[in-house]
Amino acid sequence: MPGVIAALADSGTPLSILTKGTLIRRDLDLLVEASTLVPVDLALSIAIYDDELQSAVEPGTPSTAARLATVTAIRERGLRCSVFMMPILPFLTDTRAHLDDALRQAKAAGASDVMYTALHLRPGVRDWFMQWLARDHPDLVPRYHEALRPQRLRPQGLPAMARPSDQAADPGPRARARNRGPRHRRCPLPCARPARRRPGIPGPACAGRRDAHRRRAPS
């Protein structure tokens, strides 16, 4: 990774990194240096804020606490760092309590913003996920089969998570949400206001996904 970062920076190529790991902390000095030459966008994937559930769904990956600590370390070096809170799992992580706690922890860690989206199970992944669900949460299998029928995949097929902003912590009276259709919603996150991008400089490729949602702080 250090060689890749250096090559991109030296060539004037903007770069973005999305990871579930904490090894990125090793390269923070290099990333800070690169950010003086090109736009650098960093993000941690942190979808689950229940330790037991997180270890069951993502075995072998760093804990939520370790990833949040990595967000803090990145922010302390003056770099922006997003949190990808995706996917939100129906009937598991879509409760108001879980979402409120998730946003509080992301804010406390210093996240620049949070991206979220509904669960979308692609072929192959869907088979694995449903096997895990049948083993660990058999009572939810019928509800998932109903919610994930082909004609009801997203977002209306997931009533508990169709409007994530309704579930999230109240961002305050100045919060405004602009609905860009059923698959794209932007609304404020009650955390540190992110730095503005330079005009004409694209963000990370993942930020342009049509099925992603970004939550930012109000002005």
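What are the residues in the stretch 137-150 that are in a loop (DSSP other than H, G, I, E, B) and surrounded by 11 or more Cβ atoms within 10 Å (Cβ to Cβ), if any?
Within the stretch 137-150, HIS137, LEU148 qualify.
Exactly one condition in (1) surrounded by fewer than 22 Cβ atoms within 10 Å (Cβ to Cβ); (2) in contact with a helix residue (DSSP H, G or I) (Cβ under 6 Å, 6 or more places away or on another chain); (3) of a type outside the set (D, E, K, R); (4) within 18 Å of ILE46 (Cβ to Cβ) is not met by ALA134; state its number.
Checking ALA134 against (1) surrounded by fewer than 22 Cβ atoms within 10 Å (Cβ to Cβ); (2) in contact with a helix residue (DSSP H, G or I) (Cβ under 6 Å, 6 or more places away or on another chain); (3) of a type outside the set (D, E, K, R); (4) within 18 Å of ILE46 (Cβ to Cβ), the one that fails is (4).
Can you spot a residue in the stretch 43-53 that is of a type in the set (A, V, I, L, M, F, W, C), more than 28 Å from ASP100 (Cα to Cα) and not in a loop (DSSP other than H, G, I, E, B)? Break it down stepwise before answering.
As a first pass, look at the stretch 43-53 and keep what is of a type in the set (A, V, I, L, M, F, W, C): 43-44, 46-48, 53.
After this cut, where a residue has to be more than 28 Å from ASP100 (Cα to Cα) as well, the list is none.
No, that holds for no residue.
Step by step: first the residues of the stretch 113-125, then only those that are within 20 Å of the chain's Cα centre (by Cα) and not aliphatic (A, V, I, L, M), then the one that is surrounded by the fewest Cβ atoms within 10 Å (Cβ to Cβ). Which residue is that? Break it down stepwise before answering.
Quick first cut of the stretch 113-125, residues within 20 Å of the chain's Cα centre (by Cα) only: 113-122, 125.
Remaining after also requiring not aliphatic (A, V, I, L, M): 113, 116-117, 120, 122.
Numbers: ASP113: 23, TYR116: 26, THR117: 24, HIS120: 15, ARG122: 8.
Only one residue fits best here, namely ARG122.
Can you tell me how many residues in the stretch 18-42 are over 17 Å from ALA66 (Cα atoms), outside any helix (DSSP H, G or I) and among the aliphatic types (A, V, I, L, M)? I'd like the intermediate steps shown before the answer.
Within the stretch 18-42, the first condition is being over 17 Å from ALA66 (Cα atoms), and the residues that meet it are 29-41.
Add one more test, that the residue is outside any helix (DSSP H, G or I), and what stays is 36-41.
Those still in the list that are among the aliphatic types (A, V, I, L, M) too: 37-38, 40.
The qualifying residues number 3.
Would you check which residues across the stretch 33-56 are surrounded by fewer than 18 Cβ atoms within 10 Å (Cβ to Cβ), touching a residue at least 24 places away in the same chain (Cβ under 8 Å) and farther than 27 Å from LEU8 by Cβ and list them?
ASP50, ALA56
Among (1) more than 24 Å from HIS120 (Cβ to Cβ); (2) touching a Leu at 6+ places or on another chain (Cβ under 7 Å); (3) touching a residue at least 60 places away in the same chain (Cβ under 8 Å), which single condition is PRO14 missing?
Going through the list (1) more than 24 Å from HIS120 (Cβ to Cβ); (2) touching a Leu at 6+ places or on another chain (Cβ under 7 Å); (3) touching a residue at least 60 places away in the same chain (Cβ under 8 Å), PRO14 breaks only (2).
So which residues in the stretch 75-134 are in a helix (DSSP H, G or I) and aliphatic (A, V, I, L, M), if there are any at all? Quick ask: steps written out before the conclusion?
Our first condition is that a residue be in a helix (DSSP H, G or I); within the stretch 75-134, this holds for 75-76, 96-109, 125-134.
Listed by number, the residues that qualify are ALA97, LEU99, ALA102, LEU103, ALA106, ALA108, ALA109, VAL125, MET130, LEU133, ALA134.
Just so you know, all these numbers are worked out from the coordinates, no wet-lab data involved. Everything quoted here is computed from the prediction, not taken from an experiment. Because the Cβ atoms are built from the backbone with ideal geometry, glycine has one as well, and the counts that use them run over all protein chains shown.
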